[in-house]
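Structure first, then comments.
The values are calculated or read from the model by the stated rules, or taken from the named source; none is laboratory data. As the structure is a computational prediction, the values presented were derived from the model and not from experiment. All Cβ positions, even for glycine, are placed from backbone atoms using ideal geometry, and neighbour counts span all protein chains on display. All accessible areas refer to the heavy atoms of the entire protein, side chains included, with ligands and DNA or RNA removed. Shrake-Rupley method; radii C 1.70, N 1.55, O 1.52, S 1.80 Å.
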Amino acid sequence: MATTETIAQKLLQVLGNTYVLYGKTHSYHWNVTGARFHALHNLFEEHYRAMWESLDDIAERIRTLGVTAPLSTREMAEASSIKENDNAVPSADTMLQNLVSDHTTWLEDAEGALDEASDVGDTGTEDLLSTLIAAHEKMRWMLKSSIDD
Ligand SMILES: [Fe+2]
């Protein structure tokens with residue numbers, strides 16, 4: 001049976017995932033090149049801004065559950081199951097594919113956290129995660145629809 005502590009740990013992973021995916025999306029906003037530069041530069045900006053906003057909501061939910069929020073970016077990255085960038089700049093399509101895959105990982109972890117919150121009747125966490133899941137599904141759809149095939 002999940003407890004408040006395990007829900008907070010699940011939220012910490014969702015926070016770490018959001019942090020790493022925020023950073024990757026922002027770096028793609030800077031480094032994307034090619035004929036679709038303007039469209040992708042703007043799409044990535046829209047997404048990194050949304051994720052930046054959600055970091056605050058997730059961390060404050062962790063605090064609401066009485067658990068300490070991360071004190072360092074290292075702690076955030078360690079809690080993440082999404083990998084950070086390596087040093088090579090990917091092509092525009094590889095950026096899109098990487099982000100689609102990372103949003104899928106984000107969604108799997110968030111859905112696991114939502115199930116556990118539901119088991120213990122933590123409606124506040126369920127509500128937050130449901131809203132964020134819909135937002136990440138929409139971002140994933142936009143990214144997938146931008147891949148050239
Ligand atoms: Fe910018």
**Complete:** Expressed in angstrom and ordered largest first, the alpha-carbon extents of region 1-77 along the principal axes are 51, 20, 20
**Prompt:** Helix 92-119 versus the longest principal axis of the chain: what is the Cα-based angle in degrees, 0 to 90, to the nearest 10?
**Reply:** 10 degrees
**Most mobile of D86, D127, D56 in a GNM of the chain (Cα contacts under 10 Å)** = D86
**Cα centroid separation - region 81-140 against region 16-59, whole Å** = 13 Å
**Asked** How high is the relative contact order of region 101-149, in percent, with contacts defined as C-alpha pairs under 8 Å that are six or more residues apart?
**Response** 44 percent
**Karplus-derived HN-Hα couplings along region 122-129 (A = 6.51, B = -1.76, C = 1.60, θ = phi - 60°), whole Hz, x at Gly and Pro** = 8, 5, x, 5, 4, 5, 4, 5
**Message:** Helix 4-31 against the longest principal axis of the chain: what's the angle in degrees, Cα atoms only, rounded to the nearest 10?
**Reply:** 10 degrees
**Message:** Give me the dipole magnitude in Debye, nearest 20, for region 4-145 about the Cα centre, with unit charges on the beta carbon: positive for Lys and Arg, negative for Asp and Glu.
**Reply:** 620 debye
**Prompt:** Taking Cα pairs under 8 Å and at least six residues apart, what relative contact order does the chain come out at, in percent?
**Reply:** 34 percent
**Item:** Solvent-accessible area per residue for the chain (1.4 angstrom probe, square angstrom)
**Value:** 53 Å²
**Complete:** What helix-only [θ] at 222 nm does the chain give? Using -39500 (n - 2.57) per DSSP H run of at least 4, over all residues, to the nearest 500, the answer is -27000 deg cm²/dmol
**In the chain, lysine pairs closer than 21 Å at Cα, eight or more apart or cross-chain** = 5
**Fill in**
With no solvent term and unit scatterers on the alpha-carbon positions of region 4-145, Debye gives log₁₀ I(q)/I(0) at q = 0.14, 0.16 Å⁻¹ of -0.62, -0.79
